[in-house]
1. Using just the C-alpha positions of the stretch 53-182 as equal point scatterers, what log10 of I(q)/I(0) does the Debye formula give at each q in 0.11, 0.13 1/Å?
2. Quick one: the Cα spread of the stretch 171-254 along its three principal axes, in angstroms, biggest first?
3. Rounded to whole Å and sorted largest first, what semi-axes of the equivalent ellipsoid does the C-alpha gyration tensor of the chain yield via the square root of 5 times each eigenvalue?
4. Just the Cα atoms of the stretch 205-307, one point each, no solvent: what log10 I(q)/I(0) does Debye give at q = 0.22, 0.23 Å⁻¹?
5. For residue 613 and residue 657, what is the calculated FRET efficiency with R₀ set at 30 Å and r taken between the beta-carbons, to the nearest 0.05?
6. Which value at 222 nm does the chain reach when only helices count, each DSSP H run of 4 or more adding -39,500 (n - 2.57), with the total divided by all residues and rounded to the nearest 500 deg cm²/dmol?
7. So how do 44-53, 483-492 stack up, highest first, on mean other-Cβ count within 10 Å?
8. Please give the length that would be gained between residue 379 and residue 334 if that part of the chain were fully extended, namely 0.36 nm times their separation in residues minus their C-alpha to C-alpha distance (nm, one decimal).
Amino acid sequence: MSATEGVTPRPTTSPPAITGLKLPPPEPPRFSLSFKIFFAAALLILVAVGGAIAISATRARAIADKKIDGDLKKSGEAWESFQQNRYGELQRALAVVANNPGIISMMTEGDAATAFDTLKREQASSAGAAFLIAIGPDGNAFARTDRPLPYSRDMRQVPTVAAALEGEAAEGIWLSDQKLYHVVAAPVLEGGSRTVGAIAAGFQIDDGVASSLKSLVNADVVFLADAAGRNEPPRPTVAASTMRDRSSAVLAGIVGTPRLVSAVLREGKTIGPIHLGVAGETYLGYFLPVRSSTDDLVGAAATLRSRERELAPFRQIQNSQVLVGLAALVFAFVLSFVLARRITGPVDRLVRATEAVRVGNLETEVPVESNDEIGILARSFRAMLEELKEKAALEKYVASLTMSLGTEETLVATRVQPGIGSPAVGEPRIGTLFAGRYDIQSVLGKGGMGVVYKALDRELDELVAIKTLRSEALSADPSLIDRFKQEIRLARRITHPNVLRTHDLGESAGLKYLSMEFVKGLTLKHLLESGQILPTPVGLRIAKQICAGLAAAHEVGVIHRDIKPQNILIEPTGGLKIMDFGIARLTEDRGMTAAGTVIGTPDYMSPEQARGIPLDFRSDIYSTGVVLYEIFTGSLPFEGDSPIAVVLKHVNDAPPIPQSRNPRIDPKIASIVMRCMEKEATARYQSVNELYEALARVTAEPARRETAA
Ligand SMILES: Nc1ncnc2c1ncn2[C@@H]1O[C@H](COP(=O)(O)OP(=O)(O)O)[C@@H](O)[C@H]1O
Ligand SMILES: [Mg+2]
């Protein structure tokens, strides 16, 4: 709150201090504070944890895919070298068989039945061959262990066989009965050099082969055989696999990717990495075409790796992330509940207190003590409440005074002592028209400058106060009048509830006068004259309003120069108006005449004013200090037999400490008063705002005031 605020113009109503009004509890809000806090916290956690999970999941998947891809890419080479090794082994095994004397004689005899029996016997010792075939020198296969006799097939065109008949061991892949075989063929030599035939052995590419390969490539291995006939669309079947339990799912996944099947099995392309759905899992696959020894596409070797399995360790991390998130949510829930409780508890009490004050219960307690914003709010509220109490107290005080003294107008009128000074030329008379527009109604008072009348301004149809300025009282220096006019112009601009509005400086029949706002009320002088010390809240309320009014004037550069209780009007509602801004200037050079007489009272005069040196607004602060001294101690700091004696005291003497006049004065107020009354302007408050703040602090901490009140 700034110093210039806080004072409402002519408050029409003010809350009476009624107590005991019971209020229904305020309606519960739609979304409670704890819910809002929880919601915000939960949202934050969800976004943070969810975001972290989402981002890391995408990243992890990309990393897993890359890793799988890198591994699978190597499967082509691995398959090649695996095959070479296997061929080597199979060749060595077959060489032993081919060199068996029994086989050689079997060939030369050419008896199919004997050959079949011999082959059957050899098959057992030849590294688990699925079948053995005996081929005559003309290329006719005449016995095969997995086919019944009689058996005859022309195998001259089969490259493996042809090479063997040429005397060279050879190898290749065969597709037979939807199975894939590694076939090796070796020549049967008589006498170590003459080729009498050939023996071919088929070793099935079975699950065992797939498993061996799996341990090389670190991926599941599936061998596909193409079951379709020539010129038919490819029809892959699983020839061997490390995933027997899921063979059909794998096959379904492969068949479900048509581009893949035709690319590998028809066009002979290597495909990969490719994503395959297998029983709900995502596999990355790498497909190599498998060609037979006749260079036909007979199937494919596929290496597959499950992305899910690759991500398994990551999933564990993710699960713990989710757990942490859930834990954080629970924590947020508890925390928001506790937090909200801590906030809503005091806020609730504040709300109730506010409501109670709203219905006029000024004695409401504000039971909130904390150092956070709510504590500040509570303290501000308490200070506001104190201000309200001060306001109510002043109003009550003025009302009681008016009651005991009669109406303020009669009161004022009785104080006018007719006959002081000689009636001035053209002095208005009651019941007549003055200056062509003012119906003079009554005398409001009489001061150093002249008489103040209550009048009706015919032009504005408004009550005004007319103050005549007796020429003898005016300065002889016309430049002072000019400066006063200047100041009037400035003062007219002040629109503040604590500043009495000045309307005009006019002249009628040689008599200068000022017209101003008429205020119904008592001067502070009347209040103080009652003889008792004002109650502290009343005094503070008055003091703060003086500060607020002065602040508005100082802001536009107007110094009052004559702050005294006679120039402070208090309305019945407790509103305060400072009047006569700058008027003192008019009598400045007559303030202390050579004869030592002072026009007006010197009781509130600042030392610099008394010494006739240039003034600034801090002179007003001094005078305000004297007024406060009087308000809070009930007496003036300096009194003397003559005005000049008082003036000298203001210049030279330290004021008696306020406690010596009123032992019950709030020490804070006492020190404020003393600071205002420092002889050196620089030692006083440097602005009325500062003074206001100091007074407001007294209000804000009412506990210390109890004894003084
Ligand atoms: N605008 C006004 N409205 C009501 N009463 C006024 C007004 N101006 C002055 N008075 C009364 O007239 C009295 C005399 O005023 P003034 O001539 O300024 O002398 P002083 O300020 O020295 O008392 C005041 O004390 C006050 O009671
Ligand atoms: Mg006056």
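Values in this text are rule-based calculations from the coordinates and carry no lab data. Keep in mind that what you see is a predicted model, and the values were worked out from it rather than measured. As a convention, Cβ positions derive from the backbone with ideal geometry for all residues, glycine included, and neighbour counts pool all protein chains shown.
1. The Cα Debye sum returns log10 ratios of -0.50, -0.62.
2. Taking max minus min along each principal axis of the Cα atoms, the stretch 171-254 gives 54, 36, 16 Å.
3. Rounded to whole Å, the semi-axes are 125, 24, 22.
4. Reported log10 I(q)/I(0), two decimals: -1.18, -1.29.
5. 0.65
6. About -14500 deg cm²/dmol.
7. 483-492, 44-53
8. On the way: separation 45, 0.36 × 45 = 16.20 nm, distance 2.93 nm.
So the chain would gain 13.3 nm between residue 379 and residue 334.
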